[in-house]
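Notes for the one structure printed next.
The values are calculated or read from the model by the stated rules, or taken from the named source; none is laboratory data. If you're wondering where the values come from, they're calculated on a predicted model, not measured in any experiment. With ideal geometry, Cβ positions are generated from the backbone for all residues, glycine too; neighbour counts draw on all protein chains shown. For the accessible areas, the whole protein counts, side chains as well, though only heavy atoms, and no ligand, DNA or RNA atoms are used. Shrake-Rupley method; radii C 1.70, N 1.55, O 1.52, S 1.80 Å.
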Amino acid sequence: MTGGTLFVECLKTQGVKAIFGLPGNHLDTVYEALYNNQDSIQHYVTRHEGGAAFMADGYARATGDVGVCMTVPGPGSNNASIGICEAFTACSPVLLITGQNPSYLAQKDPRKSFHGLDQKAAFAPFTKHIEKVHRVDQIPGAVNRAFNALRSERPGPVLIELATDALQAETDLPIPQRNNGVQTMASQKDIDAAVQLIKKSERPLIVSGSGINHNRAIKEILEFARLLNAPIAITGMGKGTVPEDNPFSIGLFRDGVAQTALKASDLLIAIGTRFTYRDTGNWALKIPQPLIHIEADVSEIHKEYPATVGIGANPKLVLQQLNAALSAEKLTCGWGEELKRLHNQFTSIEPPRLLKEMRDVMPRDAILSVDVNITGYGALSHFPTYASGSYIFSGISVAMGIGLTAAIGAQVAFPNRKVVALCGDGGFLMTSPDLATAVMYNLPVVTLVMNDNQYTSIERGQLRRFGKRIGVELVNPDFVKFAESFGAVGLHVENLQDFRPTLEKALALDKPVVVEVKK
């Protein structure tokens, strides 16, 4: 078999079922193998490599497993870099596969080479791991190490670069087994120290971060909260880690209810979070009480806030250890009826009408992919979610264009669930050509486009700063005709009272739909 076939066989063993990308000559041998393995791996052609990376990210977040995109080197991988940078800041397990010129050209100046780019230098700042394959015998080890990095500790994007001669060479090398990564448990000393702090506390507060999403540890964190009788606040990237109608849920850590609880608590237990700028008010937030910090990335312990007990290990495994230890203890935490009051205060907050109607209409297990837009900003606090992977957004790098494309990736992962993208007009048009991908593969994503013909959030900042605006006005197409030109369904909402029935219609059509909402 060729190196290309070997590579695809390695991907199959790792459980890859979908690849998003654009073909090119560097990867012809891989595409030949994909053609012969369409019963195992489906390839989804996209209209831009940035969209391919966003789709892989949406797939990864929806499933909790690796999302895969593939591009040619140079302009192809460079186009994908926006999605890979997003995956890096979101700690999403995305694999970027890219080609490279024959290995004998490796020492030549890439600025003078066909599709030239020093991809290792370009991607090193925002990838977790990079593999460069020059020979066919390097392929199995490269794939194995790549998936080990993708599935170990806190995830992040990984790059595999494949030289054309390595892919074209003949080989009979064996296929390595699936690599599930390495996950570390806490030491008994750390568990004992955490238990002692918990036993001394009266009002512990739990903060649930993205590490709970990555490890699908909802069951474990809810059991932990039950044992402590403690409320759970979620970080932005931790949205989905706790069902927001659960009695222990008190909403976003940065919002008012959770901040009230923080002031009343005497122990903060942060699990699977890195204390990002958004959750801490640019790190102005004070945490005066003892802190237990549980995080898979050991380097994050003590980085932003000193931890009284810091545990660098897999959050799911640590919670299992703590739950086992605490189940034998007679804890007397002091929240009592205050816990119920906090939850009721959180759930009684009235959401904006459009978000409320979206939640009322969309099924409980629906997936919402939120682009960067004013309405989407409110969704973080006011659109309740109930499961990991059901809420996708660019929470740290704030990358416009993720809404539609990540929704497509999520729809590929779960073809029988409803997937909705909430976009502004500016963000939608950044990746709107990939509407063609949804139509081509009959992916029934519903895209809501909030159309006010401007970059609204930027305009507001300019008006606050200097009372004028520049560069924020937009000329938009007729979004209904635009959608129809791709073969999708286009619908229009002029008045808010028409929004709910229009969304109900869109979800029932089971086709790609664009709903323009005039603002």
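The table below lists the values:
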{"read-out": "Residue among 329, 337 that is under 26 Å from residue 270 (Cα atoms), in contact with a Lys or Arg (Cβ under 7 Å, 6 or more places away or on another chain), at pLDDT below 95 and surrounded by fewer than 15 Cβ atoms within 10 Å (Cβ to Cβ)", "value": "329"}
{"read-out": "Near pairs, Cβ below 8 angstrom, 6+ apart or cross-chain, from region 210-225 (among the small types (Gly, Ala, Ser)) to any residue that is in a helix (DSSP H, G or I)", "value": "210/90; 211/315; 217/211; 217/315; 217/316; 217/319"}
{"read-out": "Selection within region 54-106 - small (Gly, Ala, Ser), open to solvent by 10 Å² or more (accessible area, probe 1.4 Å) and under 21 Å from residue 3 (Cα atoms)", "value": "103, 106"}
{"read-out": "Residue 303 vs. criteria part of a loop (DSSP other than H, G, I, E, B), open to solvent by 20 Å² or more (accessible area, probe 1.4 Å) and either of a type in the set (Phe, Trp, Tyr) or within 27 Å of residue 216 (Cβ to Cβ) (or both)", "value": "yes"}
{"read-out": "Residues of region 507-519 satisfying the condition of being part of a strand (DSSP E or B) and modelled with pLDDT of 95 or more", "value": "513, 514, 515, 516, 517"}
{"read-out": "Among (1) over 20 Å from residue 390 (Cα atoms); (2) out of contact with any Ser or Thr (no Cβ under 6 Å at 6 or more places or on another chain); (3) touching a residue at least 12 places away in the same chain (Cβ under 8 Å); (4) open to solvent by less than 60 Å² (accessible area, probe 1.4 Å), the one test that residue 109 misses", "value": "(3)"}
{"read-out": "Number of positions in region 281-300 that are open to solvent by less than 50 Å² (accessible area, probe 1.4 Å) and assigned to a helix (DSSP H, G or I)", "value": "1"}
{"read-out": "Scope region 494-513; condition closer than 18 Å to residue 368 by Cβ, out of contact with any Asp or Glu (no Cβ under 9 Å at 6 or more places or on another chain), crowded, with 16+ Cβ neighbours inside 10 Å and of a type outside the set (Ser, Thr, Tyr); matching residues", "value": "506, 507, 512, 513"}
{"read-out": "Count - residues of region 140-160 that are in contact with a strand residue (DSSP E or B) (Cβ under 6 Å, 6 or more places away or on another chain) and open to solvent by less than 10 Å² (accessible area, probe 1.4 Å)", "value": "7"}
{"read-out": "Those residues of region 387-398 which are assigned to a loop (DSSP other than H, G, I, E, B), at negative phi and open to solvent by 10 Å² or more (accessible area, probe 1.4 Å), in sequence order", "value": "387, 388, 396, 397"}
{"read-out": "Residue selected from region 11-30 under the condition closer than 16 Å to residue 163 by Cβ, part of a helix (DSSP H, G or I) and open to solvent by less than 50 Å² (accessible area, probe 1.4 Å), by the criterion modelled with the lowest pLDDT", "value": "26"}
{"read-out": "Failed condition for residue 359, given (1) open to solvent by less than 40 Å² (accessible area, probe 1.4 Å); (2) out of contact with any Gly (no Cβ under 9 Å at 6 or more places or on another chain); (3) among the charged types (D, E, K, R); (4) touching a residue at least 40 places away in the same chain (Cβ under 8 Å)", "value": "(4)"}
{"read-out": "Region 227-246, residues that are touching a helix residue (DSSP H, G or I) at 6+ places or on another chain (Cβ under 6 Å), part of a loop (DSSP other than H, G, I, E, B) and in contact (Cβ under 8 Å) with a residue 40 or more places away in the chain", "value": "231, 235, 236, 237, 240, 241"}
{"read-out": "Among the residues listed as 197, 205, the single one being closer than 15 Å to residue 268 by Cβ, touching a residue at least 24 places away in the same chain (Cβ under 8 Å), in contact with a Leu (Cβ under 9 Å, 6 or more places away or on another chain) and assigned to a helix (DSSP H, G or I)", "value": "197"}
{"read-out": "All positions within region 255-273 that are within 22 Å of residue 310 (Cβ to Cβ) and not in a helix (DSSP H, G or I)", "value": "265, 266, 267, 268, 269, 270, 271, 272, 273"}
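To keep it simple, each residue is scored yes or no on (1) open to solvent by 50 Å² or more (accessible area, probe 1.4 Å); (2) touching a strand residue (DSSP E or B) at 6+ places or on another chain (Cβ under 9 Å); (3) hydroxyl-bearing (Ser, Thr, Tyr); (4) within 25 Å of residue 49 (Cα to Cα).
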site	(1), (2), (3), (4)
408	no, yes, no, yes
441	yes, yes, yes, yes
455	yes, yes, yes, yes
460	yes, no, no, no
473	yes, yes, no, no
487	yes, no, no, yes
